[in-house]
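The values are calculated or read from the model by the stated rules, or taken from the named source; none is laboratory data. The structure displayed is predicted, hence computed values, not measured ones. Cβ placement follows ideal geometry from the backbone for every residue including glycine, while neighbour counts extend to all protein chains displayed.
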Amino acid sequence: MIGGSAAGSFGALLLARSGHEIIVFEREQLPAARDVESAAACAFRSSAPQIVQPHIVMARCRQLLIERLPDVYRAWLAAGVAEAPLATQMPRSLVDKGERVGDEQFTMLMSRRSTLDWVLQRIVRAEPRISVRDGLQVTDLLAIPGHPPRVTGVRSIQGDFTADVVVDASGRRSVIDRWLRKIGAKPAANSQAECGIAYYSRHYRLRPGVELPGPPTTRTVSALDEFTVGIWGADNGTMQLVVAPLATDRRFRRVKHPEVFTAVLRTVSSFAAWLDALDPITEVFPMGGLNNTMRRLVVDGAPVVVGLHAIGDSVCTTNPTLGRGLSLALSNAADLVETISANPENLHMQALELDRLYEDHVAPYYEDQAVVDRHRLGALRHNIFDAPLPKPTCETPHRTDFFQLRRAAMLDPTAFRAFWKIMGMLSRPDEVYADPEVVACTQKVLEDDSPTPSMVQPSREQLLAALQLKV
Ligand SMILES: Cc1cc2nc3c(=O)[nH]c(=O)nc-3n(C[C@H](O)[C@H](O)[C@H](O)COP(=O)(O)OP(=O)(O)OC[C@H]3O[C@@H](n4cnc5c(N)ncnc54)[C@H](O)[C@@H]3O)c2cc1C
């Protein structure tokens, strides 16, 4: 297993528990922190800079954990990870707040990423069939040439290691394409769609004895006219706040200063109310270079390589504001272990079968995100730079789309659950958009033209004043 972060840990645990001997290669020396606070304090590492960014665990990941890794789920809760039931996501405008059968499946988990990783790494290290080589970077693949080449192990800075199967869990910066070229493989099929935002975030702790403006487990992510803001809870009384502007919007470069970050958030009244109840516990962490990407190791029905699989961000990354990465990582790991169990000796079949599962379990989310982001970016560029607006997505009366559904979800209980099915990754977005009941209730809300509540936004002048604050 190349990479010992989320995907590598999920994959190693599932494979080890189905009887395989696993070596995890992790290029970083991961510190053995005493507790979750010490883990948070030393969480930053340049090889996975997203670890310090706000995280949420969507419903699909929680469900898969309960089914496949129940000890990890229990250990996360024991470490202070908070459960966020669907009821805590209901907007004030939703009049019918009655519980429905199946609502439990929507529950999410809220935590600092460092806490999730701290627990995962302890469980991985205690697992009998897993050996973790920290501080050991894989530098190449070992392979028998052929069409396709057959991977037989990895080269590291401490020598060669052979393996029946190698798994790339080395994240968004995976160099697998270069390694494939070096062993004579055809190129993987790589897709990329603009995500276009930058992340500026900070962690806070709830101030004791202060009245809160709402439940800490309500996830509020608001697509404002000129930027996106988000707040949601985390483990052990902590909260995560994010400002996500267009990556090309130079006005926001100063948001990395804590004073400017605070001033920008204070321009949004509901966020100002939260800031009055919170104390910062970190600096502001900026992160750019975000993209929607998807890599397939089967091209035109044929594997480009056998004996090598990929999971996690090496396969797919999507816009972080929707928090899909951990769900995809665990889903990939579950698909991987099933594929290997069903075809233990047939590497060719493993490659084809895994790609077929990714077509079902990954591609729909990548494709949906590409469409959503194209429209959101278009709207931002229109509002900020006066660029022409993109064409509306919904071309047929038998289908709705993400934006219409999000609007209807503010008022209609069926649309609300349909929206959270997509957010929680419990159904493929396309299936939800084409569900006749969902289409009907969405259209009814839109036709009624009932005003959907929107967040009170800063004026351009207020925003510029915050961004230009002297520090
Ligand atoms: C700003 C931001 C916010 C996000 N928020 C959320 C969220 O709210 N919810 C959510 O589910 N997901 C979120 N994600 C996505 C999530 O962080 C990733 O999907 C997840 O970390 C993927 O895990 P991974 O193990 O595939 O990759 P990584 O976590 O990047 O880990 C890769 C590991 O491989 C190691 N490695 C790399 N190369 C080598 C090598 N050659 N040899 C040995 N080791 C190597 C690295 O050191 C690293 O530890 C967010 C992402 C970003 C960028």
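General observations
- Considering the stretch 215-231, and only residues there that are of a type in the set (S, T, N, Q) and more than 18 Å from Val255 (Cα to Cα), the residue that is nearest to the chain's Cα centre (by Cα) turns out to be Thr220.
- Taken over the stretch 322-335, the criterion of being touching a strand residue (DSSP E or B) at 6+ places or on another chain (Cβ under 6 Å) and either within 21 Å of Glu21 (Cα to Cα) or near the ligand (Cβ under 6 Å from one of its atoms) (or both) is satisfied by Gly323, Leu326.
- When residues of the stretch 448-470 are limited to those that are part of a helix (DSSP H, G or I) and modelled with pLDDT of 90 or more, the one surrounded by the fewest Cβ atoms within 10 Å (Cβ to Cβ): Glu461
- Test result for Glu338, farther than 24 Å from Trp179 by Cβ, away from the ligand (no atom under 16 Å from the Cβ), in a helix (DSSP H, G or I) and touching a residue at least 12 places away in the same chain (Cβ under 8 Å): yes
- Of all residues in the stretch 251-277, those that are farther than 16 Å from Pro458 by Cα have Cβ atoms under 9 Å from Cβ atoms of residues that are among the acidic types (Asp, Glu), 6 or more apart or on another chain, in Lys256/Glu283; Pro258/Glu283; Ala277/Glu211.
- Gln29 vs. criteria more than 9 Å from the ligand (Cβ to nearest atom) and touching a residue at least 12 places away in the same chain (Cβ under 8 Å): yes
- Any hit, the stretch 395-409, residues being polar (S, T, N, Q) and under 23 Å from Asp96 (Cβ atoms): yes
- Scanning the stretch 70-106 for residues being within 19 Å of Asp235 (Cβ to Cβ), in a loop (DSSP other than H, G, I, E, B) and away from the ligand (no atom under 15 Å from the Cβ) gives a total of 3.
- Qualifying residues in the stretch 288-321 (those that are on the phi > 0 side of the Ramachandran plot and either more than 6 Å from the ligand (Cβ to nearest atom) or among the aliphatic types (A, V, I, L, M) (or both)) - the one surrounded by the most Cβ atoms within 10 Å (Cβ to Cβ): Gly307
- Filter result for Arg178 (charged (D, E, K, R), surrounded by fewer than 20 Cβ atoms within 10 Å (Cβ to Cβ) and not in a strand (DSSP E or B)): yes
- Qualifying residue in the stretch 127-134 (condition: of a type in the set (Ser, Thr, Tyr), away from the ligand (no atom under 11 Å from the Cβ) and within 30 Å of Ala84 (Cβ to Cβ)): no
Residue-by-condition table, conditions (1) charged (D, E, K, R); (2) part of a helix (DSSP H, G or I); (3) crowded, with 23+ Cβ neighbours inside 10 Å:
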| position | (1), (2), (3) |
| --- | --- |
| Ala334 | no, yes, no |
| Met349 | no, yes, no |
| Tyr365 | no, yes, yes |
| Arg376 | yes, yes, no |
| Asn383 | no, yes, no |
| Leu389 | no, no, no |
| Arg399 | yes, no, no |
| Arg407 | yes, yes, no |
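- Close contacts from the stretch 38-55, counting a first residue that is more than 6 Å from the ligand (Cβ to nearest atom) and a second that is assigned to a loop (DSSP other than H, G, I, E, B), with Cβ to Cβ under 6 Å and a gap of 6+ residues or different chains, come to Ala39/Ala33; Ala40/Arg112; Cys42/Pro31; Arg45/Glu28; Ile51/Ala43; Val52/Ala43; Val52/Phe44.
- Listed by position, the strands (runs of 3 or more DSSP E) inside the stretch 182-254 whose residues that are among the hydrophobic types (A, V, I, L, M, F, W, C) number at least 3 are 228-233, 238-244.
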